[in-house]
1. Kindly provide the set of residues from region 118-132 that are in contact with an Asp or Glu (Cβ under 8 Å, 6 or more places away or on another chain) and closer than 24 Å to Val203 by Cα, ordered by number.
2. Could you count how many residues in region 13-48 are modelled with pLDDT of 95 or more, of a type outside the set (Gly, Ala, Ser) and assigned to a loop (DSSP other than H, G, I, E, B)?
3. Six or more apart or on different chains, Cβ atoms under 8 Å: show the pairs whose first residue is in region 143-160 and at pLDDT below 95 and whose second is assigned to a strand (DSSP E or B) and among the charged types (D, E, K, R).
4. What single numbered condition from (1) more than 15 Å from Asp92 (Cβ to Cβ); (2) in contact (Cβ under 8 Å) with a residue 40 or more places away in the chain; (3) touching a Ser or Thr at 6+ places or on another chain (Cβ under 7 Å) fails to hold for Ile174?
5. Quick one: in region 97-117, which of the residues that are touching a Leu at 6+ places or on another chain (Cβ under 8 Å) and among the hydrophobic types (A, V, I, L, M, F, W, C) is farthest from Cys205 (Cα to Cα)?
6. Specify which of the listed residues (Ala119, Ala123, Ala137) is in contact with a Gly (Cβ under 8 Å, 6 or more places away or on another chain), surrounded by fewer than 24 Cβ atoms within 10 Å (Cβ to Cβ) and in contact (Cβ under 8 Å) with a residue 40 or more places away in the chain.
7. If you check Glu108 against the conditions, is it without any contact (Cβ under 8 Å) to a residue 24 or more places away in the chain, surrounded by fewer than 19 Cβ atoms within 10 Å (Cβ to Cβ) and either hydrophobic (A, V, I, L, M, F, W, C) or closer than 21 Å to Gly135 by Cα (or both)?
8. Can you work out which of the residues in region 49-59 that are in a helix (DSSP H, G or I) and touching a residue at least 40 places away in the same chain (Cβ under 8 Å) is nearest to Ile196 (Cα to Cα)?
Amino acid sequence: MSFPLCVIPWEKILSRKHELRPLMIIDLHIHTYAGSSCSVLPPDELIMRAKELGLDGVCVTEHNNFIGKRFTGRYDDLVVFSGVEIRSIEGDILVYGLDEIPFGSAQEIIDSSKEQGAAVFIAHPFRSPPFISIGDAIYRLKDFDGIEILNGNCTKEENQEAQNAMKSLHCLGIGGSDAHATGSVGKYVTEFDEVIESEDDFVECLLKGEYSVKNIIFKTDKLYP
């Protein structure tokens with residue numbers, strides 16, 4: 001059974017600030033070259049591109065470090081948040097709201113992150129080799145908040161497996177581009193039902209689960225992926 005995707009036309013994004021219901025469209029998974037050696041995306045280009053696309057926010061999630069915190073704040077109509085993508089023994093985990101980065105097994109990272117009050121999501125759990133992903137081990141893990149069910153670097157089939165796991169485990173689902181270059185920013189996003197200004201509010205909203213995952217069309221009728 002396919003997970004229903006909502007497509008946001010470009011015109012709706014540009015006009016969203018005139019709607020009665022406030023929305024925030026945020027790309028929750030982005031790497032810049034400031035903190036991830038695998039990325040070629042400069043932080044300033046990330047901000048410019050996100051503004052061009054009409055996003056309300058982006059979250060810089062560097063690999064195993066807090067360098068993304070350097071760029072947090074408001075840039076005109078764009079808010080930049082930070083998180084971290086942690087490499088566990090089994091695979092990658094997206095965590096938002098950490099004070100200290102834990103390392104070790106996936107369960108150890110989940111437990112330590114939850115003790116810190118963070119929001120914990122398993123990143124691209126079914127990405128194929130040579131990439132390292134948690135895979136079916138996700139069904140043995142406990143106490144994480146959700147799964148990244150749309151990742152811009154995964155195939156449709158890999159994202160579908162993540163969506164199936166979310167349904168089976170009755171957990172939350174988020175979406176992000178996993179951008180490592182300018183052209184990938186905004187490929188998948190998460191739309192929140194309220195305006196978020198602070199890091200604390202950002203984590204609280206992630207934990208509440210009052211959002212939906214989106215597949216965006218920008219000035220084209222081409223569907224992604």
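1. Quick first cut of region 118-132, residues in contact with an Asp or Glu (Cβ under 8 Å, 6 or more places away or on another chain) only: 119-128, 132.
Once the filter is applied, which keeps residues that are in contact with an Asp or Glu (Cβ under 8 Å, 6 or more places away or on another chain) and closer than 24 Å to Val203 by Cα, region 118-132 yields Ala119, Val120, Phe121, Ile122, Ala123, His124, Pro125.
2. Within region 13-48, residues that are modelled with pLDDT of 95 or more, of a type outside the set (Gly, Ala, Ser) and assigned to a loop (DSSP other than H, G, I, E, B) number 7.
3. none
4. (1)
5. Among them, the one singled out is Ala106.
6. Numbers: Ala119 fails: surrounded by fewer than 24 Cβ atoms within 10 Å (Cβ to Cβ); Ala123 fails: surrounded by fewer than 24 Cβ atoms within 10 Å (Cβ to Cβ).
Criteria check complete, one pass: Ala137.
7. Working: without any contact (Cβ under 8 Å) to a residue 24 or more places away in the chain: yes; surrounded by fewer than 19 Cβ atoms within 10 Å (Cβ to Cβ): yes; either hydrophobic (A, V, I, L, M, F, W, C) or closer than 21 Å to Gly135 by Cα (or both): yes.
Answer is yes for this residue.
8. Initially, region 49-59 is screened for residues in a helix (DSSP H, G or I), giving 49-53.
From the residues that got through so far, the ones that are touching a residue at least 40 places away in the same chain (Cβ under 8 Å) too are 49-50, 53.
Working: Arg49: 20, Ala50: 16, Leu53: 18 Å.
Going through the qualifying residues, I end up with Ala50.
The values are calculated or read from the model by the stated rules, or taken from the named source; none is laboratory data. Not measured: the values here are computed from a predicted model. All Cβ positions, glycine included, derive from the backbone under ideal geometry; neighbour counts span all protein chains shown.
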